[in-house]
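Only one structure is covered here, and it is reproduced in the block below.
The values are calculated or read from the model by the stated rules, or taken from the named source; none is laboratory data. The structure presented is a predicted model; accordingly, all values stated were derived computationally and were not measured. Because the Cβ atoms are built from the backbone with ideal geometry, glycine has one as well, and the counts that use them run over all protein chains shown. Just so you know, the surface numbers come from the protein's heavy atoms only, side chains and all, with ligands and any DNA or RNA stripped out. Shrake-Rupley method; radii C 1.70, N 1.55, O 1.52, S 1.80 Å.
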Amino acid sequence: MSFVDSLTQHIPWSSKTFGIGRRTLRITKHIRKELAEIESTPDDLNEWIDVIILAADGAWRCGYTPQDIELAFERK
């Protein structure tokens, strides 16, 4: 499955689970929680992926498409 496909499948789940709207404060608080978990278990790939998922969630909630997010990731 491609990154775009993964994000496309994630968006409806996230909208249903957390509601619509930006949710910036909630997402950034959750990212900080995940970063603390990474500090305590830096070899846990799942914690790193949690940060990527949360960042993508924040980006689409600001109006970016899965394709926009993938392109920005590739450019970085």
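Some values worked out for this structure:
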item	result
Positions within the stretch 7-30 being more than 13 Å from R61 (Cβ to Cβ) and surrounded by 15 or more Cβ atoms within 10 Å (Cβ to Cβ), in sequence order	T8
Where a residue in the stretch 11-28 is without any contact (Cβ under 8 Å) to a residue 40 or more places away in the chain and its partner, wherever it lies, is of a type in the set (F, W, Y) and outside any helix (DSSP H, G or I), with Cβ under 6 Å and at least six apart	none
Residue selected from the stretch 60-71 under the condition in contact (Cβ under 8 Å) with a residue 40 or more places away in the chain and part of a helix (DSSP H, G or I), by the criterion nearest to R23 (Cα to Cα)	R61
Long-range neighbours under 8 Å by Cβ, at least six apart or interchain, first residue more than 15 Å from T17 (Cβ to Cβ) and at pLDDT 95 or above within the stretch 48-59, second open to solvent by 70 Å² or more (accessible area, probe 1.4 Å) and aromatic (F, W, Y)	none
